[in-house]
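The values are calculated or read from the model by the stated rules, or taken from the named source; none is laboratory data. All figures in this text were calculated on a predicted structure; none of them were measured in a lab. Backbone-built Cβ (ideal geometry, glycine too); neighbour counts: all protein chains shown.
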Amino acid sequence: MAEGPSIFADSLAASANAELLAAFFASVLCGPSGEGAERFLAAEFRDHDPAGDDTGPEGVAAKLAALWLAFPDGRFEPIEIVAAGDRVAVRSRLSGTQAGPFGPLPASGRAIDIAFFDLYRVADGWIAEHWHVFDEAGLMRQLGQGV
């Protein structure tokens, strides 16, 4: 992420929210440590994940720990951040190499590069909620699973 994401905001408050998400990606999602989520996520944070909702920074930390176990060189790269009011949309990509188990899939040694789209709600300077969609079929194809 040499240049950083393009950031668009409709107000100073929305710009602060966009910068919060840029810092979250840079500190928590751009490397396998995955630590520090508690510095960005509200204690009542809710992740609206189709695979099951997670709550609080601890739920996010557990999910990231499993992801980084599967993709130890994994990183999310934000490409574009758009903020309006209390909502922040992030278009990003996840890249890495599967060197560990990913759900039921054993390590494959295959590289991935997957598109993500995330929507966040920010409240009082904290990330309060998260929704996302990603190219799951592309992920499975890149891991050698016929889809």
**OP:** Give me the pairs, please: first residue somewhere in region 14-25 and under 11 Å from R87 (Cα atoms), second residue anywhere and surrounded by fewer than 22 Cβ atoms within 10 Å (Cβ to Cβ), beta-carbon distance under 7 Å, and either six or more positions apart or on two chains.
**Re:** A14/A84; A14/G85; S15/A9; N17/D86; A18/I7; A18/A9
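Taking region 36-87, which residues are under 20 Å from N17 (Cα atoms) and acidic (D, E)? Lay out the reasoning, then the answer.
Within region 36-87, the subset under 20 Å from N17 (Cα atoms) is 36-48, 56-57, 60, 76-87.
The answer is E38, E44, D47, E77, E80, D86.
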Subject >> Among the residues listed as A61, A14, the single one being touching a Gly at 6+ places or on another chain (Cβ under 7 Å), among the small types (G, A, S) and at pLDDT below 95 >> reply: A61
**OP:** Within region 106-125, track down each residue that is touching a helix residue (DSSP H, G or I) at 6+ places or on another chain (Cβ under 8 Å) and of a type outside the set (G, A, S).
**Re:** R110, I112, D113, I114, Y120, V122
Original post:
From the list D118, D113, which one is in contact with a strand residue (DSSP E or B) (Cβ under 8 Å, 6 or more places away or on another chain), under 17 Å from E80 (Cα atoms) and loosely packed, with under 14 Cβ neighbours inside 10 Å?
Top reply: D113
**OP:** Select from region 98-147 the residues that are hydroxyl-bearing (S, T, Y) and outside any loop (DSSP other than H, G, I, E, B) and list them in ascending order.
**Re:** Y120
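Do the conditions hold for I79, that is, is it hydrophobic (A, V, I, L, M, F, W, C), in a strand (DSSP E or B), modelled with pLDDT of 90 or more and closer than 22 Å to G144 by Cα?
Taking the combined requirement at face value, the residue does not satisfy it.
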Original post:
Does region 51-69 include one or more residues that are buried (at least 19 other Cβ atoms within 10 Å of the Cβ) and more than 28 Å from G103 (Cβ to Cβ)?
Top reply: no
Original post:
Is it the case that region 62-71 has a residue that's touching a residue at least 24 places away in the same chain (Cβ under 8 Å), over 30 Å from A9 (Cα atoms) and among the aromatic types (F, W, Y)?
Top reply: yes
Original post:
Can you spot a residue in region 34-46 that is under 15 Å from the mean Cα position of the chain (by Cα) and free of Cβ contacts under 8 Å to residues at least 12 places away in the same chain?
Top reply: yes
**OP:** Scan region 82-97 for residues that are on the phi < 0 side of the Ramachandran plot, touching a residue at least 40 places away in the same chain (Cβ under 8 Å) and either outside any strand (DSSP E or B) or surrounded by 16 or more Cβ atoms within 10 Å (Cβ to Cβ) (or both) and jot them down.
**Re:** V82, A83, D86, V88, V90, S92, L94
Original post:
List, please: which pairs have Cβ atoms under 6 Å, are six or more places apart or on different chains, and start with a residue in region 100-121 that is within 18 Å of A65 (Cα to Cα) and end with one that is at pLDDT 95 or above and among the polar types (S, T, N, Q)?
Top reply: A107/Q98; I112/Q142
